[in-house]
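The values are calculated or read from the model by the stated rules, or taken from the named source; none is laboratory data. Note that the structure is predicted; figures quoted are calculated from it, not measured. Using ideal geometry, Cβ is built from the backbone for each residue, glycine included, and neighbour counts are taken over all protein chains shown. Note: accessible area is taken over every heavy atom of the protein model, side chains too, but ligands, DNA and RNA are not part of it. Shrake-Rupley method; radii C 1.70, N 1.55, O 1.52, S 1.80 Å.
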Amino acid sequence: MKIAICPGSFDPVTLGHVDIIRRASQLFDQVIVVVMSNVSKSPLFSQVERMDLLQRAVKEADLHNVTVDCYDGLLAEYAHSRRATAIVKGLRAMSDFEYEFQMALTNRKLNPEVETVFLTTTADHMYLSSSLVKQVALLGGDISDFVPSCLLPYIIDKLRKETEQ
Ligand code: PNS
């Protein structure tokens, strides 16, 4: 059984993430989407909220071989513990490449059994990022083309509460 990990901070999950997760689910027998921390980011949504949003998105997309998890340690260790043979990442543009390349090499050094597989984003999602979603929503803009429809009320509500604080 070929198991792949789709790691990320998912703060929050976007339609771009769902597209990558869907395409990974067609390539592998099982896909584990794992919410992790990125040392250079301070998440707006808690780990529990990010997992909950992902679970709803996976359900809406009807992806039966996809599960959602979270992990606070190293991705390479997590991949080993789940017997995964691949880490799947989405690449939007050349600007993503240097950082992703560095992470892929580090992860291979830490766990030579796991390959990083890059899926190029679709043209529709090239510009999309979680930080863009947060910026647009915080300023009252329409994010319905950016996030799964079932998540719209949760994300808007969370950002409204943030601006009220
Ligand atoms: O969605 P992001 O923020 O680009 O995802 C980055 C993430 C969370 C996958 C990365 O920061 C990560 O792998 N964090 C876990 C800790 C780890 O293993 N760090 C070393 C990676 S080379």
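Relative contact order of region 71-165, taken over Cα pairs closer than 8 Å and 6 or more residues apart, is 25 percent.
Calculated translational diffusion coefficient of region 3-126 (25 °C, 0.890 mPa s; Stokes-Einstein with Kirkwood radius over alpha-carbon pairs) equals 169 µm²/s.
Can you give me the angle between helix 152-164 and the longest principal axis of the chain, using Cα atoms only, in degrees from 0 to 90, rounded to the nearest 10? It is inclined by approximately 60 degrees. For the options SER144, SER37, SER81, a Gaussian network treatment of the chain with springs between C-alpha atoms closer than 10 Å singles out SER81 as fluctuating the most. GNM on the chain, C-alpha springs below 10 Å: top fluctuator among THR121, THR106, THR85? Looking only at THR121, THR106, THR85, the largest GNM fluctuation is found for THR106.
Taking the Cα centre of the chain as origin and assigning +1 to Lys and Arg Cβ atoms and -1 to Asp and Glu Cβ atoms, the resulting dipole is close to 240 debye. For the residues GLN55, GLN26, GLN47, a GNM of the chain with alpha-carbon springs under 10 Å puts the largest fluctuation on GLN26.
Surface composition of the chain: carbon plus sulfur atoms hold 55% of the accessible area, using a 1.4 angstrom probe and ignoring ligands, DNA and RNA. Per residue, the convex hull spanned by the Cα atoms of region 1-53 measures out at 79 cubic angstrom.
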